[in-house]
Amino acid sequence: MTRMVQCAKLNREAAGLERPTYPGELGKKIYLNISQEAWEMWVRHQTMLINEYRLTPVDPKARAFLEEEMEKFLFTDESKPPEGYVPEA
């Protein structure tokens, strides 16, 4: 049986994550309040950020930036693509 959550990103009930996808308190918050669909949206957004900003995910500064952006993306409307970003056609 699929676990349902009231998704904070999509503002509707949707299928929840099968397991926590991130450690710590933020991971718990994501598991309880974010749907599988919203998490997949974040993964695509994160990939775009890594590519556009040429981030190295093992760099502590890059990890801190991505964590901050993840929280913004999933729980607020404050996360935006990089200035001048043009999606592929």
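What follows is calculated from the coordinates using simple rules that are stated; it is not laboratory data. None of the values given here were measured: they were computed from a predicted structure. Counting neighbours? That spans all protein chains shown, and the Cβs are built from the backbone with ideal geometry, glycine included.
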Revision key, fill the gap. When the charge dipole of the chain is computed with +1 on Lys and Arg Cβ and -1 on Asp and Glu Cβ about the Cα centre, the Cα farthest towards its positive end, among 58, 76, 24, belongs to 24
Check your understanding: Under a point spin-label approximation (7 Å from Cα along Cα-to-Cβ), what is the residue 40-residue 64 distance to one decimal in nm?
Key -> 3.4 nm
**Study point:** 16 Å Cα cut-off, lysine pairs counted over the chain (separation 8 or more, or different chains)
**Key:** 7
Review point. Tell me, what HN-Hα J-couplings in whole Hz come from the Karplus equation 6.51 cos²θ - 1.76 cosθ + 1.60 at θ = phi - 60° for each residue of region 72-89, using x for Gly and Pro?
Key: 4, 4, 7, 10, 9, 10, 8, 7, 10, x, x, 4, x, 5, 10, x, 5, 6
Exercise for review: Find the relative contact order for region 4-75 and round it to a whole percent, using C-alpha pairs within less than 8 Å whose residues are 6+ positions apart.
Suggested key: 30 percent
Check your understanding: Quick one: putting +1 on the C-beta of Lys and Arg, -1 on the C-beta of Asp and Glu, what dipole do you get for region 4-75 around its Cα centre, in Debye to the nearest 20?
Key -> 40 debye
